1. Aspartates and glutamates within cross-link reach of residue A:533: Cα-Cα under 20 Å, excluding same-chain residues under 8 positions apart?
2. In square nanometres and to one decimal, what's the mean projected area of the convex hull around the Cα atoms of the range A:69-143?
3. With just the Cα atoms defining each centre, how far is the range A:216-294 from the range A:111-131? Give it in Å.
4. Please report how far the C-alpha centroid of the range A:567-640 lies from that of the range B:58-79, rounded to the nearest whole angstrom.
5. For the range B:86-147, take N as its residue count and report Rg(C-alpha) divided by 2.2 N^0.38 Å.
6. For chain B, modelled as a GNM with alpha-carbon contacts under 10 angstrom, which of B:31, B:182, B:125 fluctuates the most?
7. Using only atoms on other chains, find how many Cβ atoms lie within 10 Å of each Cβ of peptide B:4-15 and report the average.
8. Just to be sure I understand: if I project the alpha-carbon convex hull of the range A:296-342 onto a plane and average over all orientations, what area do I get in nm²?
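Taken together, the values in this text are just the output of simple stated rules run on the coordinates, not laboratory data. It should be emphasised that the depicted structure is a prediction, and the values quoted were computed from it without experimental measurement. Positions of Cβ are generated from backbone atoms using ideal geometry, with glycine treated the same way; all protein chains shown enter the neighbour counts.
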Amino acid sequence: MLDIVFGENSKTVAARALQAALEDTGVSGTLYLGYPVLSTADARVFIDALLISKARGLIAFDLTSHLDPRPDKEQLNALRERQDQIYASIYNKLNTHRDLRRGRSLAVDVHVVSFHASLERTIAEPELVACSPTGLRKVISGFGGIDEEILRPLNAAVQRVSTLRPPKKREKVSKENSRGAILKRIEKEIANLDQWQNRGAIEYADGPQRVRGLAGSGKTIVLALKAAYLHVRHPEWKIAVTFQSRSLYQQFRDLIRRFTFDQIEDEPDWSNLLVMHAWGTARDAGVYSTVCGQYSVTPLDWRTADAKYSSRAFEGVCEELNLVIRDKGARQVFDAILIDEAQDFPTSFFRMIYSVIPDPHRIMWAYDDLQNLSDYEMRSERELFGLDNRGQPLVTLRNEPNKPKEDIVLPVCYRNTPWTIATAHALGFGIYRPEGLVQMFADPLIWGRIGYEVTRGELQLDSDVVVRRDPTSYPSYFVELITPNEAIQCETFLNEARQYNALAAAIEKNLQEDELDPTDILVVLPSAYTSRKTGASVMAALAKKNITAHLVGVTASRNEIFSPNSVAITHIYRAKGNEAPMVYVINADFCHGGFDLSRKRNILFTAITRSKCWVRLFGLGDKMRALEKEVDRVRAENFDLSFHYPDEAGLKKLAHVHRDMSDEERQEWERKIDTLADVIRAVDSGDLPLEALPRGIRDKLSSLTKSGNVLRK
Amino acid sequence: MTAGPLCNRISRFGYTLLGNGFAIDARAHKVVSLSARQKAIRWVPDTPRDLMIECPARVGDYLSILQHGDYSFLMNDGGVIQIAFTYSGREIESHRLMYYPCPFQFENRELNEFDGGLYDLLNEVYMNDLEANMLLRSPIRFDFGTSATSDFHPASHLTVNDPSCRVPARAPLHFYTFMKFVLENFYLDVWKSSAIFREFVFAQETESLTTHDRGRAYLRWDYGAPGP
């Protein structure tokens, strides 16, 4: 089967003709249209199409050379020069990869074919091959295949990811099966883009396009590659890359620079490729402040917006700006924009963007499916961009055969082991919580979208169901290299001191015996409110073992969270978007029960899913023991999630009972609970006769205590 | 006290400030061997940046310190404390102890609600209107070193406002003497906290004043002064 990746410039007649001709030959492999962009010492070289096929090798197609049906000598010379240039650029690029060399030569032959519909006959001279669609089958049948061991590094070299995130050298790894050795193997595996990420990065729809997937599916890398690719093809375009988390700034700059350099051996032109925060300031341009500039509007800063709009600060300023845009008319500000963390942006931002990027509205956004368990209502493109004056959606995403996809899903989660993520969902939803569920998706079908398959029952309301991780949703190396038992473990402590000492001992073992680096470890604190106090205690405990640690994001969130030779400690809100091979969640008991249980279980879900390989939940007392039992139950069920899907009324009740509460509401309930406790104490001690309570209340109390949690099945 | 134990105490003091809610951040400290006899105490990560900053210090210098985590402790009001000692054997050869007050007055509520760190808040919000937001405050630095000693350049001195200002000090300051000075004068509530006071260990300091120094107004303190 021919997997086609539609890059920019893939809609040309020649590209379509090549695609059709190759499909006719029955060749299988990956065909990149409009990709890659390389360079020689003299010039940028656009490769019109590139086929990587196990059976037919590596073939670069030139689609743009002008050829008469019977080319004369001059045309043939020009063609030879063009083909030489293509060959040289590809050869030079592949030759830098050790895995692709055999001795002093390349381990793969580079074939170059000029493909032109009007050629009367095939030209097959040494180092000059050209044919029409009818001649293609015979031409490529003469090419040899690629060895299996070369195929993977060849794909990686073409996709460029292997040089984007060079794995840590891990020079101190000497034991074969240490955690460090396991990481080394995983990092080597992960360098390849999978076919989904491939498509997301290179596939170009020349209009709105959405990329979505679970946290850890590679969306940021895909967006960065896409930005670099577009910039290289159109260096004159104003392309904005934007986000809400400041820490992404440097990540995007690094990724884009390396990819661009890798392709064309030149720096990006940062005056046209604009990596910027969504807001911006008077001194650092952002998307919002840049659009304000275009409309001669003074941008509001966060403080002013916060005073005016409180938690809706950014939404409010975008709404204000949209009124100005409506009044003054749409004006072009950018040629294209790529938006990461789209789920964090208000709708008013998307409406603003639509107005300032003219037709075909090159707006690409990456949407995190389920960053947390509550925000699962992904806004449709209709909601994001609105309707035209005929009541039709301004943007509709379509996936049609033989056309670039407009809605790309990255289904494989590379970050978390299947056991970790199943446990995170189990704890997050309270699936094995004795008191019953804490929350649940309103739409049962979401489970399929996030990588689960049904093993028993039905995924529908008011039904029993058992789901488990679909094996295609995670890479196989997890199963080969890590065991479920090792992936997630819990421990309960009597007091804080013992917890911190155990944490320090565990980290010491990670560094001294497991061959991990301090930057492989992340300590997550569920409560942001107590994070400084807890952070201080953790740092002090680690200092006793001569282990250096630091608090993350205290001063500048743009900085890397990891620091050489230091263990990172972060509260949950700064942990978002980050990951580490070994994650310790301490004081996990905070998330067990009480008010705001949805939020607390969301915190637990987010904390656990920061882990790339191993996660350790530490906590105190009975609440931690109870959490431990929930985890044990997940393990006992072999990481299947078995539950009764609530009906609509049940879902509403869950949402209400475990809702987020304001401080005032919580304090009010705490007062009422204190009063209730006083009443119960009085009845218990005989100070207040039970009969003094109204009958209705006596009966209700009795039925509640008999039935336990009224929400349980 | 030698370099190693002092280094541990400095780190621990920072964690105590942090753990009791008086600081936003505290860095670990480490001992760096400069030569066979010389050891330096510095905060971690040890940036290759020059410790010296221009004086009078600019807002940009303060922000740069925040951005790069170039401090020992970061107090709740954004005040930066830098502790750096160099030991020769068991003796303090030099020190640079600085208190750098935050040039802006912000609310902690803002820091909690803002989606970013203190540097982000100050750089993106407060720097937009310096006239309304900026406070004119000078860093205060206690330096000690004998290599450049001369009249008007005492071995131990306090610098404030201008690089030429070198108010003689009685002796090189022990870490706890410096912290007592900062807390008493700028963070009295912290100084009065028993959790913090418990950490203090006062030690005898060897006088370094010359006759010329004594002829000027100079700073002196009594060894082992009582607490709050």
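1. Of all the aspartates and glutamates, those that pass the test against residue A:533 - Cα under 20 Å, at least 8 places apart if same chain - are A:496, A:589, B:25, B:77, B:107, B:110, B:113, B:189, B:199.
2. Working: hull surface 21.9 nm².
The orientation-averaged projected area of the Cα hull of the range A:69-143 comes to 5.5 nm².
3. That distance is 39 Å.
4. The two parts, judged by their Cα centres, are 33 Å apart.
5. 1.66
6. Highest fluctuation among the options: B:125.
7. Details: counts 0, 0, 0, 1, 3, 0, 0, 4, 5, 0, 4, 9.
Shielding by partners across B:4-15 averages 2.
8. Details: hull surface 17.0 nm².
Across all orientations, the range A:296-342 yields a mean hull projection of 4.3 nm².
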